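So the structure is just underneath, and the comments pick up after that.
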Amino acid sequence: MYSKKAGLLIYLILGVSSYLGASPIRFNILAKRFYSTKWTRFFIRITTVVCTVQLLFSTYCLYKSPPLTKHSTPDEVFTFNSVYIAAMCLILPVICFLLLSFRGDAIARSLTQTLRYSKDIESKWCSFTTLEEFRGYPTQFILETLLRFFILLGVATSFVTSTAVVLHQIFPNNWISLVPKKYWNSPMLWANYISEAYLMTICPVGVVTTCSVITFPLAFSLPFYDEFCVNPKSGRRMTLPGFQSPDVLPKEYRKFEQLHNQYMPIFGPMLIPFQAMVMQYSMISNLMLKHYWGTLGILRLVLISMEVGLIVFWIIVLEISGRYYAASKRNKESWRQFGEQNKLLRKWRKSVRYIYAGYEGYHVIKRLSVLKFLNGIVRGTFRIFLTFNDD
């Protein structure tokens, strides 16, 4: 169910990112296998250490900077917000690099098994023509579109951020600020610019790679999961009628469940710190925009665009994940008619657990998670306004 174009796009993304040291995973397009090598794992660990050190150093600079008040100069406000934005932009790449560094082999195995299972389903239970596959199954079109969008976004972000490094002034979170200014020279300045530009290049590449390896299995599992519903609302099916029979569906569902239980414990822990980052960034950005609107300059556009982009992206993720959980409940409910025919199938139905997005025991995304997320941002913003109202 994966097209050749999707395979070429994921091959391009993983190939470029592995050579830049932003991913340990590669794709063998002939053998249809994802894998990692000793050198790619080595370079991704170096990248993870460098980005983590930069994030800790930026956090230390924010901690040591003088607190902002009503009497702060525009330069102090601009410098503080620039370092704050740089630190917040590093959190997501560090999360992605930690995931790829420590779970790269597990991700590669999960992607390979998902690809081979989709090929098995396509050969046994699907009878597509090219036009029907294009219209009926989203993997053919949506995955290709998303991968192209990720490539374009990664190239544009890498170019803009790496170019901005040369244009902006030296901030306290640059490593050259540790050296006294009287020792600065041209080679040292260019070394600082090159290192910062490389860091700003591989961070978007790492995020794009992580989004691609997450999207790749979901492009198959999300639409295919509706095939396990015995009585779908739309009435449309992509599989042959025998797939929903009592003899076939339980076995195939267990295979699908094993695939989900492999990649969700890998990606699930990412959801918790990412949601916390989005909420904290939104609340602090609202505070900065309220108190220092006149002195932020172009940073107003940066803060607003990043806040809106993160919130919209996370709302989409929560909504899709909530629908996924609701579909799991709907599928299990549709299997009641199996229990009326066979006692063994009734026991199997009771043993099935709901499939979800999240990390079990800590954060499971449901239909109301979107409203809880927005409520948390609004309440947190008002609390911050009340807390710092007298400053």
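Some notes on this structure:
- Which numbered condition Asp247 fails, given (1) surrounded by 16 or more Cβ atoms within 10 Å (Cβ to Cβ); (2) at pLDDT below 85: (1)
- When segment 333-370 is filtered for residues that are surrounded by fewer than 11 Cβ atoms within 10 Å (Cβ to Cβ), under 26 Å from Leu218 (Cβ atoms) and touching a helix residue (DSSP H, G or I) at 6+ places or on another chain (Cβ under 9 Å), the ones remaining, listed by number, are Arg353, Tyr362.
- Extreme residue, farthest from the chain's Cα centre (by Cα), among residues of segment 36-93 that are basic (Lys, Arg) and closer than 30 Å to Leu111 by Cα: Lys38
- Test: Pro93 is loosely packed, with under 15 Cβ neighbours inside 10 Å, touching a Leu at 6+ places or on another chain (Cβ under 9 Å), in contact (Cβ under 8 Å) with a residue 60 or more places away in the chain and not basic (Lys, Arg): no
- Boolean, Phe150 is assigned to a helix (DSSP H, G or I), without any contact (Cβ under 8 Å) to a residue 40 or more places away in the chain and farther than 30 Å from Gln337 by Cα: no
- Where a residue in segment 6-22 is under 14 Å from Thr215 (Cβ atoms) and its partner, wherever it lies, is β-branched (Val, Ile, Thr) and not in a helix (DSSP H, G or I), with Cβ under 6 Å and at least six apart: Gly7/Ile29; Leu14/Ile25
- Per the conditions (1) among the hydrophobic types (A, V, I, L, M, F, W, C); (2) not assigned by TED's automatic domain parsing to the domain that holds Arg45; (3) not in a loop (DSSP other than H, G, I, E, B), the sole criterion not satisfied by Leu189 is (2).
- Matching residues in segment 354-376 - criterion: being more than 20 Å from the chain's Cα centre (by Cα) and in contact (Cβ under 8 Å) with a residue 40 or more places away in the chain: Leu368, Gly376
- Residue in segment 59-80 that is in a helix (DSSP H, G or I), of a type in the set (A, V, I, L, M, F, W, C), assigned by TED's automatic domain parsing to the domain that holds Trp175 and surrounded by fewer than 17 Cβ atoms within 10 Å (Cβ to Cβ) present: yes
- Qualifying residue in segment 332-354 (condition: in a loop (DSSP other than H, G, I, E, B), touching a Ser or Thr at 6+ places or on another chain (Cβ under 8 Å) and of a type in the set (Ser, Thr, Tyr)): yes
- Just one of the numbered conditions (1) over 23 Å from Pro223 (Cα atoms); (2) touching a helix residue (DSSP H, G or I) at 6+ places or on another chain (Cβ under 8 Å) is not true of Ile315: (1).
The values are calculated or read from the model by the stated rules, or taken from the named source; none is laboratory data. What you see is a predicted model, and the numbers here were worked out from it, not measured in a lab. Here Cβ is always computed from backbone atoms with ideal geometry, including for glycine, and neighbour counts include all displayed protein chains.
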